[in-house]
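The values are calculated or read from the model by the stated rules, or taken from the named source; none is laboratory data. The shown structure was predicted, so the numbers you read here are calculated from the model rather than taken from an experiment. For neighbour counting, all protein chains shown are included, and Cβ atoms are generated from backbone atoms with ideal geometry for every residue, glycine included. The area values use the complete protein model at the heavy-atom level, side chains included, leaving out ligands, DNA and RNA. Shrake-Rupley method; radii C 1.70, N 1.55, O 1.52, S 1.80 Å.
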Amino acid sequence: MEKQKNLTVLKQSDKDFLRSLENCIQFGTPVLLENVGESLDPALEPLLQKQTFKQGGSVCIKLGESTIEYSKDFRMYITTRLKNPHFPPETTAKIAMVNFSISKEGLVDQLLGIIVARERPELEEERSQVIGQINENKKNLSDIENKILNVLYSSKGNILEDENAIKTLSSSKVLANEIVEKQHACEAAKGRIDDNRNDYLDLTHFSVSLFFTGNHLSQINHMYQFSLAWFINLFCTSIDVADKSEELDERLNSIKEHFLRSLFVNTSTSLFEEDKIVYSFLLACNLGKNCKGVMETDEWQFFLRLVKDAEDETEKGYEWLTDKMRGRMEQLKELKSLEILTDPDNEEHLEIMWDSGAPQKTTGYDHLTKDLNAFQTLLLLAAYRPDRLIPSVRTFVADTLGKPMLLIVSIS
């Protein structure tokens, strides 16, 4: 145990961890619990839930086997060195969590708890009770194990001749078996509840993708910073006001569409006009049916290079297959997904694309794109018609996100 500026620093692995914590609770000394893993000592459960009670005119709390006075000045802070901590929802619900670096998994758990609590409050309440019982069972089993070890340690001579020890061990075994049976029942109930909660997982994964898509905007302009609390508030609002339905799939789709619109509109009001199409494009790349994960591929890196080149080519040249275009063709051929370009017969279809006034809408080169997904088709257009890059991106956004987004992103 260390003391720094009246702050007591503890570790769950300390030998006298609970005893030191008891002293801090009684005297109102703030505690920093360092380097925790993804689970907390079950003995901390009453403290996390602030299960205080009056006894003899004093406010008390039970910690382990001890009942101690609880000072109103007591505070406990918890830190972890885990890069992407994955605390269970039942833990995050009991503490004020500061997300210095929130993980996708952690946000999925958080949003899942929110949507289920609003849509199926009885299910979330049952889950909370079951988890509380599971934690209580674990604590009781731990207490029994300690009691057995204490009997074995304290017994003198042959333990088989110690009648009190034998009775204690026998009763402890019976009690432990009863708790284990209860634990099995609780685990089964939790599994059933989690299966029901999983009906909402697709919506939470979708929403988490929206959050991290917005985070990319800070790379464009450092002013584009959006808080998690603001995001969650919009999420909750969409749950509350989206169209109701007895059919779960319809209800979830209503929430999804409302949240996408709401988040896009609210985010766009903070963006410069030229960055709104970028935001739409990022959404399309992250949410498109055949585009998920594209931002981690060689195709994405090549697209970024094409965009940089396109800044110097705002107008179409008059010469077909310039040296620069031939260079792009050779680079595109290096991408396995665009091996079709190695066929010499495709030059005719490429020329149709080049001659078109609106290549993003022309269908005369379908032979080239029939086996390509939407992003690969955009890549092809960016390589051969950089002068039409913005209209091509707009069409990509419309085709990928669907007609409901047409009015939002102002596709032309």
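Only residues that are open to solvent by less than 40 Å² (accessible area, probe 1.4 Å), farther than 23 Å from Asp41 by Cβ and part of a helix (DSSP H, G or I): list them for region 152-172, please.
Step one: filter region 152-172 for residues open to solvent by less than 40 Å² (accessible area, probe 1.4 Å), giving 155, 165, 168, 172.
Checking the rest, the ones that are also farther than 23 Å from Asp41 by Cβ come to 155, 165, 168.
Matches in region 152-172: Ala165, Thr168.
Among the residues that make up region 392-402, is at least one of them surrounded by 12 or more Cβ atoms within 10 Å (Cβ to Cβ), modelled with pLDDT under 70, part of a helix (DSSP H, G or I) and of a type outside the set (D, E, K, R)? I'd like the intermediate steps shown before the answer.
Narrowing region 392-402 to residues surrounded by 12 or more Cβ atoms within 10 Å (Cβ to Cβ): 392-402.
Adding the requirement that they be modelled with pLDDT under 70 leaves 402.
Okay, now just the ones that are also part of a helix (DSSP H, G or I), so none.
No: zero hits.
I'd like the full set of residues that are open to solvent by 10 Å² or more (accessible area, probe 1.4 Å) and in contact (Cβ under 8 Å) with a residue 60 or more places away in the chain, limited to region 269-291. Don't jump to the end; show me each part of the working.
Initial filter on region 269-291 (open to solvent by 10 Å² or more (accessible area, probe 1.4 Å)): 269-278, 281-282, 286-287, 289-290.
Hits for region 269-291 are Lys276, Ile277, Val278, Phe281, Leu282, Asn286, Leu287, Lys289, Asn290.
Residue pairs, Cβ under 6 Å, 6 or more apart or interchain, first in region 207-221 and closer than 13 Å to Leu287 by Cβ, second hydrophobic (A, V, I, L, M, F, W, C) and outside any helix (DSSP H, G or I). List them.
As it stands, the answer is Gly214/Phe226, since those pairs meet every condition given.
Considering only residues that are farther than 17 Å from Ile390 by Cα, open to solvent by 80 Å² or more (accessible area, probe 1.4 Å) and at pLDDT 75 or above, which ones fall in region 293-323?
Glu296, Asp298, Gln301
If we scan region 86-94, do we find a residue that is modelled with pLDDT of 90 or more, farther than 19 Å from Asn35 by Cβ and either over 19 Å from the mean Cα position of the chain (by Cα) or crowded, with 18+ Cβ neighbours inside 10 Å (or both)?
Narrowing region 86-94 to residues modelled with pLDDT of 90 or more: none.
Among the residues of region 86-94, not one is modelled with pLDDT of 90 or more, farther than 19 Å from Asn35 by Cβ and either over 19 Å from the mean Cα position of the chain (by Cα) or crowded, with 18+ Cβ neighbours inside 10 Å (or both), which makes the answer no.
Can you tell which of Leu203, Leu252, Leu234, Leu175 is hydrophobic (A, V, I, L, M, F, W, C), open to solvent by 60 Å² or more (accessible area, probe 1.4 Å) and part of a helix (DSSP H, G or I)? I'd like the intermediate steps shown before the answer.
Values: Leu203 fails: open to solvent by 60 Å² or more (accessible area, probe 1.4 Å); Leu252 fails: open to solvent by 60 Å² or more (accessible area, probe 1.4 Å); Leu234 fails: open to solvent by 60 Å² or more (accessible area, probe 1.4 Å).
When all the criteria are applied, what remains is Leu175.
Just for region 166-182: of the residues that are without any contact (Cβ under 8 Å) to a residue 12 or more places away in the chain and of a type outside the set (Gly, Ala, Ser), which one is nearest to Ile144 (Cα to Cα)? Break it down stepwise before answering.
Filtering region 166-182 for residues without any contact (Cβ under 8 Å) to a residue 12 or more places away in the chain gives 166-167, 170-171, 173-174, 177-178, 181.
With the extra rule that they be of a type outside the set (Gly, Ala, Ser), the set shrinks to 166-167, 173-174, 177-178, 181.
Numbers: Ile166: 14, Lys167: 14, Lys173: 8, Val174: 11, Asn177: 11, Glu178: 12, Glu181: 15 Å.
Out of the qualifying residues, it is Lys173.
Any chance you could count how many residues in region 23-37 are small (Gly, Ala, Ser) and closer than 15 Å to Thr80 by Cβ? Break it down into steps so the answer makes sense when it comes.
In the first step, residues of region 23-37 are kept if they are small (Gly, Ala, Ser); the result is 28, 37.
Subsequent filtering for residues that are closer than 15 Å to Thr80 by Cβ retains 37.
So the count comes out to 1.
Each row is one residue, and each column tells you yes or no for (1) β-branched (Val, Ile, Thr); (2) within 25 Å of Ile144 (Cβ to Cβ); (3) free of Cβ contacts under 8 Å to residues at least 40 places away in the same chain.
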| residue | (1), (2), (3) |
| --- | --- |
| Asn6 | no, no, yes |
| Leu10 | no, no, yes |
| Thr29 | yes, no, no |
| Pro42 | no, yes, no |
| Lys50 | no, no, yes |
| Gly64 | no, yes, no |
| Ser71 | no, no, no |
| Thr79 | yes, no, no |
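Looking only at region 362-379, filter to residues that are modelled with pLDDT of 80 or more and in contact with a Ser or Thr (Cβ under 7 Å, 6 or more places away or on another chain); which one of those is nearest to Gln331 (Cα to Cα)?
Only one residue fits best here, namely Gln376.
Only one of (1) modelled with pLDDT under 90; (2) open to solvent by 50 Å² or more (accessible area, probe 1.4 Å) is not met by Ala185, so which one is it?
Unmet condition: (1).
Can you confirm whether Lys50 is basic (Lys, Arg), at pLDDT 85 or above, touching a helix residue (DSSP H, G or I) at 6+ places or on another chain (Cβ under 8 Å) and closer than 13 Å to Ile25 by Cα?
Numbers: basic (Lys, Arg): yes; at pLDDT 85 or above: yes; touching a helix residue (DSSP H, G or I) at 6+ places or on another chain (Cβ under 8 Å): no; closer than 13 Å to Ile25 by Cα: yes.
Taking the combined requirement at face value, the residue does not satisfy it.
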